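Peer 1: Can you read through this structure? Questions will come right after.
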Amino acid sequence: MEPIVRVMDVTKRYRLGKHNYVDALRGASLEVETGEMVAIMGPSGSGKSTLMHIAGCLDGPDSGEVWLAGRRVDTLRGGELARLRGREVGFIFQGFNLVPTMSALENVALAAEYAGASRKTAAMRAHLLLESVGLADRMRHAPSELSGGQQQRVAIARALVNEPAIVMGDEPTGDLDTATSAEIVDIMRGINREKGTTFLIVTHNPEVAEACDRTVHMRDGVVDGQVAATR
């Protein structure tokens, strides 16, 4: 079966000044199979977030190839790229990235509307997903009225609302305490097992990585090894 994500020998250089730059990726390669839950770990500056952002079409490589759901995506530009990113990839970020003036329901529904769903359909999907992550009684609340864990549950529902091919998390438990982090990981793992949703998660937390099928280790802009879970 074709991997859901295939990143091949990707490089990425960020210029910091006229004669100053950093090579974030130096020929990194990664494959993620459909239905897998994969963690990416590595020291600060190893390139793990850059690799995830390129795999999720948030950024483009300087060289190499990126394939998503059987389609080469590093050559796409503009509206075509935005549409693919909105429909094929769900994102969960450390800082939640919710619209503060909207309710939980409106935040989730907005992502569906951006992808082309009608307002009615978007609201229905959002309602069902918020129920599924345990927020049936909080969906009319604004982000400021929710705990960090509840806000991240909203973000998970938003990531799933368009039934993406893959959900990518950039330190999704980074702002949460240990107990709440474990709850969020359990939710993601439950979704992975029950629905077969593929997850790619950048994390510094070994407990998050242990919950995944395997862990990809990065160092100095390349994949330095992989370890399968011991569960």
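FYI, it's all coordinate maths here, none of it is from the lab. What you see is a predicted model, and the numbers here were worked out from it, not measured in a lab. Neighbour counts run over all protein chains shown; Cβ positions are idealised from the backbone, glycine included.
Peer 1: Could you give the distance between the Cα centres of segment 213-229 and segment 106-144, to the whole Å?
Peer 2: 35
Peer 1: Going by the alpha-carbon gyration tensor, a ≥ b ≥ c the square roots of its eigenvalues, is segment 57-187 rounded (a/c under 1.5) or, if a/c is not under 1.5, prolate (a/b greater than b/c) versus oblate? Numbers along the way, then the final one.
Peer 2: Details: a/c = 2.26, a/b = 1.45, b/c = 1.56.
Oblate, since a/c reaches 1.5 and b/c is not below a/b.
Peer 1: A follow-up question, please. At a Cα cut-off below 13 Å, give the aspartates and glutamates reachable from residue 120, other chains included and same-chain residues fewer than 8 away excluded.
Peer 2: Qualifying aspartates and glutamates at Cα under 13 Å: 106.
Peer 1: When Lys and Arg each count +1 and Asp and Glu each count -1, what net charge do the other residues less than 15 Å away from residue 80, Cβ to Cβ, add up to?
Peer 2: Working: positive: 71, 72, 77, 83, 85, 87; negative: 74, 88.
Residues near residue 80 contribute +4 overall.
Peer 1: Can you list the lysines whose alpha carbon sits under 23 Å from that of residue 48, skipping same-chain ones fewer than 8 residues off?
Peer 2: 12
Peer 1: Take each of the peptides 82-94, 184-196, average the number of other beta-carbon atoms within 10 Å over its residues, and list them starting from the highest.
Peer 2: On the way: 82-94: 18.8, 184-196: 16.2.
So the peptides 82-94, 184-196, ranked by packing, come out 82-94, 184-196.
Peer 1: Same structure again: Using every pair of alpha-carbon atoms in segment 134-193, split the distances into 10 Å bins beginning at 0 and state the percent of pairs per bin, rounded to integers.
Peer 2: Histogram of Cα-Cα distances, whole percents per bin: 20, 55, 24, 0.
Peer 1: Sticking with this one: Quick one: which residues, 5+ away or cross-chain, put their amide H under 5 Å from the amide H of residue 214? H built at 1.01 Å from N.
Peer 2: 37, 39, 229
Peer 1: Place the peptides 97-103, 1-7 in order of packing, highest mean first, counting for every residue the other Cβ atoms within 10 Å and averaging per peptide. Each step should come with its number before you reach the end.
Peer 2: Details: 97-103: 14.4, 1-7: 17.6.
Ranked from most to least packed, the peptides come out as 1-7, 97-103.
Peer 1: How far is helix 178-195 tilted, in degrees, relative to the longest principal axis of the Cα atoms in the chain, given as a value from 0 to 90 rounded to the nearest 10?
Peer 2: Its long axis makes an angle of about 90 degrees.
Peer 1: Long-range amide H contacts for residue 141: which residues qualify at under 5 Å (H placed 1.01 Å from N, peptide plane, sequence gap of 5 or more or a different chain)?
Peer 2: HN-HN under 5 Å from residue 141: 104, 105.
Peer 1: Compute the signed sum of charges (Lys and Arg +1, Asp and Glu -1) over the other residues within less than 14 Å, Cβ to Cβ, of residue 148. Can you show the working numbers first?
Peer 2: Working: positive: 138, 153; negative: 145, 171, 175, 177, 183.
Local charge sum for residue 148: -3.
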